[in-house]
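Each remark here refers to the structure printed beneath this line.
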Amino acid sequence: MNKTKGLILASLVALSGTTSFAGVAAAEEINLLLCGDTVTPVYTALFEEWNAANPDYPVATELVGWGQCQDKVTTLAVAGTPVDIAYVGSRTLKQFALNDLIVPVPMTDEEKAGYYNYVPETVTFDGTQWGIPVAFSTKAFFWNKDLFKAAGLDPETPPKTWEEEIAFAKQITENTDAAGFGMIAKTFDGTVHWFLHWVYTNGGQVIDADGNIVLDSPQNLAALTAFKDIVPYSEEGPTAYEQNEVRAIWLDGGLAMMHCSVSCAGRGTEAGINWGVAPLPVGPEAKGPGTLLITDSLAVFKGTGQEEKAIEFGKFLTSPENQLKYELSEGGLTPLRPSAEVDALVASTPHWKPFIDGIEFGGPEPLLTDYVGFQNVMIEMVQSVVTGTAEPAAALTKAAADLEQYK
């Protein structure tokens, strides 16, 4: 083990109370940084399988809490002491790549074809893949059937369009003590995601395949206008709420409709909510049901001297068979790849269907050179419209101009 490698491992040992990198001085460990509090049992078993087959390259994991994970990965890489491979939000890949901190992880045509559409695009720019998709999230529309009934709506008929969604929210707000719709507008990354669900349910984009900012479009103006129109029928003061806080109101029975991941199915049942789930309502230019397609990825960092082995490990961990085991064990993740097992899951658990159906016309999280800069521009745009300090057209035009520096 080289001196630099030893220093990296010593540093990680000091920073992690749950992981030890000691005892393998003759081997070149694959240092994996994961976000969260625990290692899933599926991963524990896969690590053991990898270690048995690769005794000279055992995997050594470090866990970092979600709130600090991305910052730590970035700090280590910029300091010239990167881990071999790390769990990152795919939205950060372009910035890492342009700063020469990660190496490409090209996909073959066969590998690309194995994923649901647009999943490879979440890790691609300039025709090159820069990460290995490892977690996938889509959203669908949840509603409280009892609140629908109390408001005089058919509890078995969810809104199919934005127009109906706004009308239903108004009727619920005016005829019950609950808010009609859960709006997210806090200074938080979820606000960007929330708005992008509206973008991708009306055929919009933020940045096109050629790297042009196309935020200021008729499709997105319609989305931001609908966003504004539903605010009066949402919870009071939406700029104070992020996704988990809005979900808590829904679970407490104080909210009739919200967009959520599949995890809301189990949570809703546990809370005693008489819930339904359907595809996200669509805008006038939608070609079909859509959703924002968010992936997290494994990024392989440059300068460790064992990039090829780290790529091999990442591909092992996310192979179709191993990836599906992980997804099914987590419960809240949308599968990355279609398969007979996924078909069986949808057949046996019908509430999964809207989360799969939205993929075909969905869109990826935009890759820009500075994701935090992008996020701040989008949050400012949304909040200005939600609070009434700007009209949708002016806010959209300003945001599009501000994004030029981050494309």
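Quick note: the coordinates plus some simple rules give every number you see, no bench work behind them. Being a predicted model, the structure only gives us computed values, none of them experimental. So basically every Cβ, Gly included, is an ideal-geometry build from the backbone, and we count neighbours across all protein chains shown.
Seen against the Cα atoms of the chain and their longest principal axis, helix 218-230 is set at about 70 degrees. About the Cα centre, and with charges only on the beta carbon of Lys, Arg (+1) and Asp, Glu (-1), how big is the dipole of the chain? Nearest 20 debye, please. Around 280 debye, computed over the chain. The angle between the Cα long axis of helix 392-403 and the main principal axis of the chain comes to about 10°, on a 0 to 90 degree scale.
Ordering of 164-175, 390-401 by packing is 164-175, 390-401, highest average first (other Cβ atoms within 10 Å, averaged per residue).
Oblate is the label for region 263-407, because the ratio a/c of its alpha-carbon gyration tensor axes (a ≥ b ≥ c) is 1.5 or higher and a/b is not greater than b/c. So if each residue of separation counts as 0.36 nm, and I subtract the Cα-Cα distance between E308 and L98, what length gain in nm does that give? Length gained between E308 and L98: 73.6 nm. Between 0 and 90 degrees, the angle of helix 66-78 with respect to the longest Cα principal axis of the chain falls at about 50 degrees. Sketch the reach of a paramagnetic label on T239 as a point 7 Å from Cα along Cα-to-Cβ, and name the residues of region 383-407 whose backbone nitrogen lies under 12 Å away. Counting only backbone N, you get 383-390.
The lysines whose alpha-carbon is closer than 20 Å to the alpha-carbon of K186, local same-chain residues fewer than 8 away aside, are K139, K228, K398.
The candidate values are (1) 87, 54, 52; (2) 71, 47, 40; (3) 90, 46, 36; the one derived from this structure for Cα extents along the principal axes in Å carries the label (2). Take every Cα pair under 8 Å in the chain that's 6+ residues apart, average their separations, divide by the length, and report that relative contact order as a whole percent. Over the chain, the number comes to 24 percent. For a test of the definition: using alpha carbon positions, the gyration tensor, and the 1.5 limit on a/c, classify region 211-257 as rounded, prolate or oblate. Prolate shape, in that a/c is at least 1.5 and a/b is the bigger ratio.
Is region 355-407 rounded, prolate or oblate when judged by the Cα gyration tensor, a ≥ b ≥ c being the square roots of its eigenvalues, rounded requiring a/c under 1.5 and prolate requiring a/b larger than b/c?
oblate
Short to long, the 10 Å bins of the Cα pair-distance histogram for region 92-207 hold 11, 29, 28, 16, 13, 3 percent of all pairs. On full extension, the segment bounded by I249 and N274 gains 7.6 nm, given 0.36 nm per residue less the C-alpha separation.
Ordering 331-339, 204-212 by mean Cβ neighbour count within 10 Å, with the highest value first, yields 331-339, 204-212. Here's the picture: a label point sits 7 Å out from the Cα of A340 along the beta-carbon direction, and within region 310-325 the residues with their amide nitrogen under 20 Å of it are 319-325. The order of the peptides 262-274, 115-127 by mean Cβ neighbours within 10 Å, most packed first, is 115-127, 262-274.
Length available on full extension from A52 to N376: 0.36 nm per residue minus the Cα-Cα distance, which gives 112.1 nm.
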